[in-house]
Amino acid sequence: MESERGWKFTQCFGDKADLEDVTEADIISTVEFDHTGDYLATGDKGGRVVLFERSDNKQGCEYKFYTEFQSHEPEFDYLKSLEIEEKINRIKWLKPNNNSLYMLTTNDKTIKLWKVCEKALKLVTENNLLDGDRAPPPDISHLRLPKLVPHENIIAAIPRKIYANAHAYHINSISVNSDQETYLSADDLRINLWNLGINNQSFNIVDIKPANMEDLTEVITAAEFHPSSCNYFMYSSSKGTIKLCDMRDSALCDQHAKQFEEPEDPASKNFFSEIISSVSDVRFSSDGRYILSRDYLTLRLWDINMEKQPVRTISVHDYLKPKLCDLYENDCIFDKFECNISGDGKHAMTGSYNNYFSIYDLEDSANDVMLQADKNAFRAKRVQGPNGSKSKFGIPRNGRSGLRKEDIDPEAIDYNRKILHSSWHPRESTLAVAATNNLFIFTD
């Protein structure tokens, strides 16, 4: 007999205040597990990075606070009279080294390499003057050598490198190469390649800026390196295309090796078609065989060997189609939803409004589940699921049924509450989901 399994809420970090009382600086802007899943990082709009460490003394996948540091500060570009926000756009982990953690963090303009490690603080407990309370020693035989004794261990975050002044436009992506020596950074029109050890020089590998900016028709929305082949990377555009590039072809990868694009149906074309077809996020599967992409309404799974059409197209929230005009007026149509693919490549997840998010079984759509990251978790409020079973915030006890799209009323959705940022544990069925200023952990 099959054991009763399913997705369940396990933890929530963050302030319990209502949405109206949340400080802008506390809103989480990126979430990322490290390669082992033992550490989890979040960045917020206030430029802070918070790290969580896996708890060893608990059963299942649980995390505890590890450390927090200020990664970026607000700046001002005097040449362009432009404020540069401190908001953390992306965090990417490097492989740990010598018991230290390394990560790249970026705001709109500046990327930083951080080393996070444990440092022992020592105090001077013995000296000659004792802060002036005692007279100096009468002769050299009475001199005392200062003594250092261990005081406590602290977690220190040290900026090892700062990579600045390489992007004229806002950075939207960073991705570390599988060689662990280089990484790429992408803004609206260019992608640069960096060596981690050199912070004053980068190589431009993609440049789609037209000679005349009036001819601009598309921008780069996301970019990522292949997980195992260090010469491949991909980037997505606002035109709905994904381009796979091979750095062995030429120094400037303006000519792509492959292009993945679903042709538009002329019958369904409307005023919003161009906006909602813009790809907001792309991810490689861990084996590099598949590409997961997200636009405003759909999630697509592409086989890297088949460009003509996606392997699977998933409608995320088709119940919003009649509301596109309202979503355009309140700017929600420009929201950039991220997507994630599980370590085994069998499941995908992405977010929606009202703090809903969906987990899709890429092999059997009958096992798809829709959940909600809700602050009612704090109060353990129990509500009735669609199948009648009582559960926390709409997650039935068996976790399989979840919420149903058919039961969602678009008129009752709160469009200020949305799941834009999330991360999937690299080895387990564990999700970290950011909902405004709260971080939720769900496990299967």
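For the stretch 31-119, list the strands (runs of 3 or more DSSP E) that sit wholly inside it and hold at least 1 residues that are basic (Lys, Arg) and within 22 Å of Ser173 (Cβ to Cβ); which are they?
48-54, 90-93
Within the stretch 293-314, how many residues are farther than 13 Å from Lys258 by Cβ, part of a loop (DSSP other than H, G, I, E, B) and touching a strand residue (DSSP E or B) at 6+ places or on another chain (Cβ under 8 Å)?
So the count comes out to 3.
Assuming Gln180 fulfils every condition listed in (1) touching a Lys or Arg at 6+ places or on another chain (Cβ under 6 Å); (2) free of Cβ contacts under 8 Å to residues at least 40 places away in the same chain; (3) open to solvent by 10 Å² or more (accessible area, probe 1.4 Å) apart from one, which condition is it?
With respect to (1) touching a Lys or Arg at 6+ places or on another chain (Cβ under 6 Å); (2) free of Cβ contacts under 8 Å to residues at least 40 places away in the same chain; (3) open to solvent by 10 Å² or more (accessible area, probe 1.4 Å), Gln180 is out only on (2).
Note down all Cβ pairs under 9 Å where the first residue falls in the stretch 343-367 and is closer than 21 Å to Arg417 by Cβ and without any contact (Cβ under 8 Å) to a residue 60 or more places away in the chain, the second is open to solvent by 30 Å² or more (accessible area, probe 1.4 Å) and in a loop (DSSP other than H, G, I, E, B), and they're at least six residues apart or on different chains.
Final answer for the pair search is Ser358/Asp368.
Filter the stretch 120-131 for residues that are assigned to a loop (DSSP other than H, G, I, E, B) and either out of contact with any helix residue (DSSP H, G or I) (no Cβ under 9 Å at 6 or more places or on another chain) or in contact (Cβ under 8 Å) with a residue 60 or more places away in the chain (or both) and give the result.
Answer for the stretch 120-131, where residues must be assigned to a loop (DSSP other than H, G, I, E, B) and either out of contact with any helix residue (DSSP H, G or I) (no Cβ under 9 Å at 6 or more places or on another chain) or in contact (Cβ under 8 Å) with a residue 60 or more places away in the chain (or both): Asn127, Leu129.
Which of (1) open to solvent by 70 Å² or more (accessible area, probe 1.4 Å); (2) farther than 26 Å from Arg283 by Cα; (3) not aliphatic (A, V, I, L, M) does Pro137 not meet, given it meets every other one?
Condition (1) is where Pro137 drops out.
Taking the criterion of being out of contact with any helix residue (DSSP H, G or I) (no Cβ under 7 Å at 6 or more places or on another chain), modelled with pLDDT of 90 or more, surrounded by fewer than 24 Cβ atoms within 10 Å (Cβ to Cβ) and under 19 Å from Glu338 (Cα atoms), would at least one residue in the stretch 430-437 satisfy it?
No, every residue in the stretch 430-437 fails to be out of contact with any helix residue (DSSP H, G or I) (no Cβ under 7 Å at 6 or more places or on another chain), modelled with pLDDT of 90 or more, surrounded by fewer than 24 Cβ atoms within 10 Å (Cβ to Cβ) and under 19 Å from Glu338 (Cα atoms).
Only one residue in Asp34, Asp38 is out of contact with any Ser or Thr (no Cβ under 7 Å at 6 or more places or on another chain), open to solvent by less than 20 Å² (accessible area, probe 1.4 Å), of a type in the set (Asp, Glu) and at pLDDT 90 or above, so which one is that?
Among Asp34, Asp38, only Asp34 is out of contact with any Ser or Thr (no Cβ under 7 Å at 6 or more places or on another chain), open to solvent by less than 20 Å² (accessible area, probe 1.4 Å), of a type in the set (Asp, Glu) and at pLDDT 90 or above.
So how many residues does the stretch 315-334 have that are open to solvent by 20 Å² or more (accessible area, probe 1.4 Å) and assigned to a helix (DSSP H, G or I)?
Of the residues in that region, 10 qualify.
If you scan the stretch 327-343, which residues turn out to be acidic (Asp, Glu) and over 22 Å from Phe9 (Cβ atoms)?
Glu329, Asp331, Asp335
If I go through the stretch 78-101 residue by residue, how many of them are touching a residue at least 12 places away in the same chain (Cβ under 8 Å) and either over 26 Å from Leu40 (Cα atoms) or open to solvent by less than 40 Å² (accessible area, probe 1.4 Å) (or both)?
So the count comes out to 10.
Between a residue in the stretch 14-38 that is farther than 23 Å from Leu104 by Cα and in contact (Cβ under 8 Å) with a residue 60 or more places away in the chain and any residue that is open to solvent by less than 40 Å² (accessible area, probe 1.4 Å) and β-branched (Val, Ile, Thr), which pairs come within a Cβ distance under 6 Å, given they are 6 or more apart or on different chains?
Val22/Thr436
Spot the failing condition for Lys147; the list is (1) over 22 Å from Ala41 (Cα atoms); (2) touching a Ser or Thr at 6+ places or on another chain (Cβ under 8 Å); (3) surrounded by 13 or more Cβ atoms within 10 Å (Cβ to Cβ), and only one is missed.
Among (1) over 22 Å from Ala41 (Cα atoms); (2) touching a Ser or Thr at 6+ places or on another chain (Cβ under 8 Å); (3) surrounded by 13 or more Cβ atoms within 10 Å (Cβ to Cβ), the lone unmet condition for Lys147 is (3).
The values are calculated or read from the model by the stated rules, or taken from the named source; none is laboratory data. Being a predicted model, the structure only gives us computed values, none of them experimental. All Cβ positions, glycine included, derive from the backbone under ideal geometry; neighbour counts span all protein chains shown. The area values use the complete protein model at the heavy-atom level, side chains included, leaving out ligands, DNA and RNA. Shrake-Rupley method; radii C 1.70, N 1.55, O 1.52, S 1.80 Å.
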